[in-house]
1. Could you list all residues from the range 243-260 that are touching a residue at least 60 places away in the same chain (Cβ under 8 Å) and open to solvent by 10 Å² or more (accessible area, probe 1.4 Å)?
2. When only residues in the range 18-35 that are open to solvent by 60 Å² or more (accessible area, probe 1.4 Å) and in contact with a helix residue (DSSP H, G or I) (Cβ under 8 Å, 6 or more places away or on another chain) count, which is nearest to G253 (Cα to Cα)?
3. For the range 536-548, what are the residues that are surrounded by 14 or more Cβ atoms within 10 Å (Cβ to Cβ), touching a Pro at 6+ places or on another chain (Cβ under 9 Å) and within 17 Å of G417 (Cβ to Cβ)?
4. On the basis of being touching a strand residue (DSSP E or B) at 6+ places or on another chain (Cβ under 6 Å), on the phi < 0 side of the Ramachandran plot and within 11 Å of ligand 2 (Cβ to nearest atom), does A378 make the cut?
5. Yes or no: G389 more than 16 Å from ligand 2 (Cβ to nearest atom), among the small types (G, A, S) and either within 21 Å of Q336 (Cα to Cα) or modelled with pLDDT of 95 or more (or both)?
6. What residue, among those in the range 354-377 that are crowded, with 23+ Cβ neighbours inside 10 Å and within 8 Å of ligand 1 (Cβ to nearest atom), is farthest from V425 (Cα to Cα)?
7. Examine the range 264-273 for a residue that is under 22 Å from the mean Cα position of the chain (by Cα) and outside the structural domain of R185 (by TED's automatic domain parsing), and state whether such a residue exists.
8. Identify, by number, the condition in (1) at pLDDT 90 or above; (2) within 16 Å of ligand 2 (Cβ to nearest atom); (3) of a type in the set (A, V, I, L, M) that L530 doesn't meet.
Amino acid sequence: MRSIEMRRWLLLFALVPVVAVLPLPDYWIFQLNYIGLYALTSMGLVLLTGVSGLTSFGQAAFVGIGAYTTAWLTLNLGWSPWLTLWVGLGLTFISALVVGMITLRMSGHYLPLATIAWGLSLYYLMGNLDALGKYDGLLGLQSLSIGSFDIGQGRPFFVLTWLILLGAALCMSQLLDSRAGRAIRSLKNGTQMAEAMGINTFRYKVTAFVMAALLASVAGWLLAHFQRTVNPSAFGLKMGIEYLFMAVVGGVGHIWGAIVGAGLIKLMDDYLQILLPKLIGTSGSYEVIVFGVVLVLVLKYMPDGLWSLVARYMPRRDRDVDWADADHLPEIHKPQSGELLLDVQDVRKQFGGLVAVNDIRFQIKAGEIVGLIGPNGAGKSTTFNLITGVLPLTSGAVKFRGDTISGLPSREILRKGMARTFQHVKMIPDMTVLENVAMGGYSRGHTGVLSGMLGTNRNEEQRLFKLAQQQLERIGIGHTMHEQAGNLAMGQQRLMEIARALCADPALLLLDEPAAGLRHKEKQGLADVLRQLQSEGVSILLVEHDMDLVMQVCDKLVVMEFGTLLLEGTPKEIQESPVVRAAYLGTEH
Ligand code: ADP
Ligand code: MG
């Protein structure tokens, strides 16, 4: 981590004991303790829901596991809370892993529904077990202490909780700024792009889920000893919804949003519980209605949450280029020019009765640029997706450098040396161009979540950024590296995708309509880039509409029409063929 940033963090950590000795009213400290506890849980939700796009209403249940574990073990077996913390984390880890493995494969609204079911079932379990005191819960827990020094209440507890909270925030922010973190940030934008970069998206979903649960479990452990009692109502669905509120209202994508949200909800909760019954005249949990209204308003007018108001005034600094002296990543073995690279053998794809790709066969030799052309709906993109493992084949086979790759997931195919771009640009718009491109080098890195959190990945990060910068410069858009990817013009976004694919150091590059949306001059630039790549030993399969470009750069063309292979030959042969003219002009021949 850069030294300026490290200093900022140290300052924040130092602020905690300072606040504790300030002459603040005890009531404020009491509130801050709760806010810290709640923020710990909602910070997990920021990671899970805000960053990864996975909604969970069941987070309170994990708080419950942490709380009940320590309550039962300290009360019944007399264990030290410092030990039971780890037991609680272990139990949470196992249950989150099991729940995550089952539910995270579900798509769309099934996941939130499943977390509701999970939250409810744990609530009723806690409420019905005799050993856990049923709905009365367990009473008389000890306060946390170090030796004979009580740190379980008031100011000492404030220091403990907020140091843990800041520690979690530091780990989280380092993680999000790492190879594994970029993989997690990509989850929200669907899995196709991430998988094409070699990322096992399911594994990262489970990881985010487990991490969020572990944070909740720590909060539960703290809460149990702070309140010195546990009962199911603190861990039910209502709290699950409130935690989600905190994350969403505070700012779904920002770790600091968790604290803003927790503070707001906690204070609102208190004031409304006093105020509303007076206004309405009867008592009840009316605050939930206000929360609902606030949530709708925030989602409508401030979809990035309240923290985005603050973030707007935070200075945005370009990332320092501290990787100039980084080592190169190891070279990947390249095929000899002329080696048979891609062998598409009678590949077929049916969508119900429609034969989208009808026994297509063609080959690409190392060093060639091959164009796949044909009118709209001819089956080009489908063929592309069959080769890259996005769609399963109906029959036939695809071989790459002698190995059968059909049937492999796209992340495995990437690792064999085949990288791609998308017809519709797929990127993380709120990441910089450099970070987006660095994702293309994912498969060449090794550091995981833990070294990301602890910041021990610096060396590899520098290598990845150096690689990304080099690829951007290679295709002539190095000057865009610090910009937000979403702000680039269409043409530059397409070039960015090519740079990203090049980070994988592919033997074969597959481009799906790279010239779409480019201006004439940009197209010329693209043609130069493709020829330059070819001279550097990259082979290319180009699906393209733009005939000029295709005729200019391709060594060989494969023409498709209605799913079948119409003709294969040099650009000259294709240009002169009456059959192809007929297909393009749409007339019978
Ligand atoms: P191209 O890229 O050459 O324009 P496509 O490969 O996208 O053509 O489509 C080929 C044919 O397959 C079209 O008729 C299209 O409607 C059909 N098709 C493509 N994808 C699907 C799908 N997922 N389900 C059903 N039909 C599809
Ligand atoms: Mg297409």
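The values are calculated or read from the model by the stated rules, or taken from the named source; none is laboratory data. Note that the coordinates shown come from a computational prediction; the quantities given were computed from them, not determined experimentally. As a convention, Cβ positions derive from the backbone with ideal geometry for all residues, glycine included, and neighbour counts pool all protein chains shown. Only protein heavy atoms, including side chains, enter the accessible area calculation; ligands, DNA and RNA are left aside. Shrake-Rupley method; radii C 1.70, N 1.55, O 1.52, S 1.80 Å.
1. Those that are touching a residue at least 60 places away in the same chain (Cβ under 8 Å) and open to solvent by 10 Å² or more (accessible area, probe 1.4 Å): L244, V248, V252, G253, H254, I255, W256, I259.
2. Among residues in the range 18-35 that are open to solvent by 60 Å² or more (accessible area, probe 1.4 Å) and in contact with a helix residue (DSSP H, G or I) (Cβ under 8 Å, 6 or more places away or on another chain), the one nearest to G253 (Cα to Cα) is F30.
3. Within the range 536-548, V538, S539 meet the criteria.
4. Against the criterion (touching a strand residue (DSSP E or B) at 6+ places or on another chain (Cβ under 6 Å), on the phi < 0 side of the Ramachandran plot and within 11 Å of ligand 2 (Cβ to nearest atom)), A378 qualifies.
5. no
6. Among residues in the range 354-377 that are crowded, with 23+ Cβ neighbours inside 10 Å and within 8 Å of ligand 1 (Cβ to nearest atom), the one farthest from V425 (Cα to Cα) is V357.
7. No: zero hits.
8. Every condition holds for L530 apart from (2).
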